[in-house]
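J.: The structure that follows is given in the form of structure tokens.
The values are calculated or read from the model by the stated rules, or taken from the named source; none is laboratory data. Treat the numbers as computed from the prediction; the structure is a model and nothing was measured. Cβ placement follows ideal geometry from the backbone for every residue including glycine, while neighbour counts extend to all protein chains displayed. Accessible surface is based on the protein model in full, side chains and every heavy atom, while ligands, DNA and RNA are left aside. Shrake-Rupley method; radii C 1.70, N 1.55, O 1.52, S 1.80 Å.
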Amino acid sequence: GKDGYRHYMEKELHEHPVAIGQTLKRITDPASKRITLPPMPFDLAQVPRVTITACGSAYYAGMVGRYWLESLARIPVEIDVASEMRYREPPQPDKGMALLISQSGETADTLGVLRSLKKAGQSIVSVLNVEHSTIGRESDLVLGMDAGPEISVASTKAFTAQLSVLAALAIEFARARGTMDQAHEERLTASLLDLPSRAAEVFTRTKDIQAMAGVVAQARDVLYLGRGICTPIAFEGALKLKEISYIHAEAYAAGELKHGPISLIDQTVPVVAIAPSTILFDKTLSNLQEAKARGGRILVFTDTAGAKRLEGVAEQIVIMPDVDAFVVPILYAIPVQMLAYEVALLKGTDVDQPRNLAKSVTVE
Ligand code: M6R
């Protein structure tokens, strides 16, 4: 049941801290602050490229995973949505690894890619919430995410659990490839282990998120902006808003603003930014000043240091707990999803069963 919550989505949002904690339990050792993923059926140091494929929110998790794998483990990463990857026939390297990400493990396009990459000789690793699924059965290795069942059509806790597994995988790769020393691994693992408490703190910001929702709910179109590892979180926010509130939203890498979308901005098109002070903040700030100068209403997820710099620019700010830049995308996914939920409540939509959508897309 819904345990007293109004919707499964609300319940599942509140399960973020537990989903992250349970997922990390299997793959970290809190005493040594080391990652303890199961042994891979191949040598990580020898993998020439990782090919990441998924759909929807799982794809955005994969985009974050790409940043981590590239920056921490210095491994080349190819990524696409499954419906495109399936028909692109990209050349595959010898001993390459395919990484499939799926909550359900049943998504038709993701499964289609699994089968074609297997034929192309790639090792198949999947990150799944439902481990006993078709994708699970056909993988060489399943990395479970232990988020517990997700009922709401809009994915919530599975997303932060996916990110937790991908973060651990990037550390594991980095260790195997000699790009990360033990002290670095311990620092990053500690920041992961700290996440369940920081995630629980986010719910003390509900009033500020509701105030932001009041602005978003009046709009017909909304722009979401992020930079670097926060860009996929902007995409996640825009997707969630579209899914459950039926408000049109688009996400952009903030640097793309002046290459087109800035022409949309006026007082009727709010701009939601994911802008922690730790990630390319000055650049995002200048994008937001430009948007504000065009009459845009600026709504920002940031931290205490960022909030100070946004005075006079942002109309609404949600101040997030301070965390290591490494785990920022995991933490900031939570309020971004909560915003969509609060807007949907104001709009009175059917939050758990949005029109036209299915929880698991088992046909092409
Ligand atoms: O079960 P999967 O993770 O493979 O599903 C992928 C997408 O269908 C899914 O993330 C979808 O985009 C959600 N409704 C997003 O909230």
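J.: Only residues in region 51-80 that are at positive phi count as the first member; pair them with residues that are more than 16 Å from the ligand (Cβ to nearest atom), Cβ under 6 angstrom, at least 6 apart or cross-chain, and list the lot.
T.: Pairs that qualify, where the first residue is at positive phi and the partner is more than 16 Å from the ligand (Cβ to nearest atom), are 74/179.
J.: Is it true that some residue in region 19-35 is among the β-branched types (Val, Ile, Thr), more than 30 Å from residue 2 (Cβ to Cβ), more than 16 Å from the ligand (Cβ to nearest atom) and assigned to a loop (DSSP other than H, G, I, E, B)?
T.: no
J.: Can you tell which of 181, 140, 146 is away from the ligand (no atom under 16 Å from the Cβ), in contact (Cβ under 8 Å) with a residue 40 or more places away in the chain and open to solvent by 40 Å² or more (accessible area, probe 1.4 Å)?
T.: Selected residue: 140, the only one of 181, 140, 146 that is away from the ligand (no atom under 16 Å from the Cβ), in contact (Cβ under 8 Å) with a residue 40 or more places away in the chain and open to solvent by 40 Å² or more (accessible area, probe 1.4 Å).
Matching residues to (1) closer than 30 Å to residue 355 by Cβ; (2) in contact with a helix residue (DSSP H, G or I) (Cβ under 8 Å, 6 or more places away or on another chain); (3) modelled with pLDDT under 95; (4) aromatic (Phe, Trp, Tyr):
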residue: 137; (1), (2), (3), (4): no, no, no, no
residue: 140; (1), (2), (3), (4): no, no, no, no
residue: 143; (1), (2), (3), (4): no, yes, no, no
residue: 147; (1), (2), (3), (4): yes, yes, no, no
residue: 150; (1), (2), (3), (4): yes, yes, no, no
residue: 156; (1), (2), (3), (4): yes, yes, no, no
residue: 159; (1), (2), (3), (4): yes, yes, no, yes
residue: 166; (1), (2), (3), (4): no, yes, no, no
residue: 172; (1), (2), (3), (4): no, yes, no, no
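J.: Does region 91-124 hold any residues that are open to solvent by less than 20 Å² (accessible area, probe 1.4 Å), assigned to a loop (DSSP other than H, G, I, E, B) and either away from the ligand (no atom under 16 Å from the Cβ) or among the acidic types (Asp, Glu) (or both), and which are they?
T.: Scanning region 91-124 gives 96, 122.
J.: I'm checking my understanding of the structure. Among residues of region 341-362 that are exposed (fewer than 13 other Cβ atoms within 10 Å of the Cβ) and hydrophobic (A, V, I, L, M, F, W, C), which one is modelled with the highest pLDDT?
T.: 357
J.: Name the pairs whose Cβ atoms lie under 8 Å apart, with the first residue in region 159-170 and closer than 13 Å to residue 67 by Cβ, the second within 13 Å of the ligand (Cβ to nearest atom) and assigned to a helix (DSSP H, G or I), and 6 or more positions between them or separate chains?
T.: 163/61; 163/333; 166/61; 166/62
J.: A further question follows. Across region 306-364, what is the number of residues that are of a type in the set (Phe, Trp, Tyr) and within 12 Å of the ligand (Cβ to nearest atom)?
T.: 1
J.: Tell me which of these residue 333 doesn't satisfy, since it passes every other one: (1) in contact with a helix residue (DSSP H, G or I) (Cβ under 7 Å, 6 or more places away or on another chain); (2) more than 27 Å from residue 194 (Cα to Cα); (3) among the aliphatic types (A, V, I, L, M).
T.: With (1) in contact with a helix residue (DSSP H, G or I) (Cβ under 7 Å, 6 or more places away or on another chain); (2) more than 27 Å from residue 194 (Cα to Cα); (3) among the aliphatic types (A, V, I, L, M) applied to residue 333, the lone miss is (2).
J.: Do we find a residue being outside any helix (DSSP H, G or I), open to solvent by 10 Å² or more (accessible area, probe 1.4 Å) and in contact (Cβ under 8 Å) with a residue 24 or more places away in the chain anywhere in region 201-209?
T.: No, that holds for no residue.
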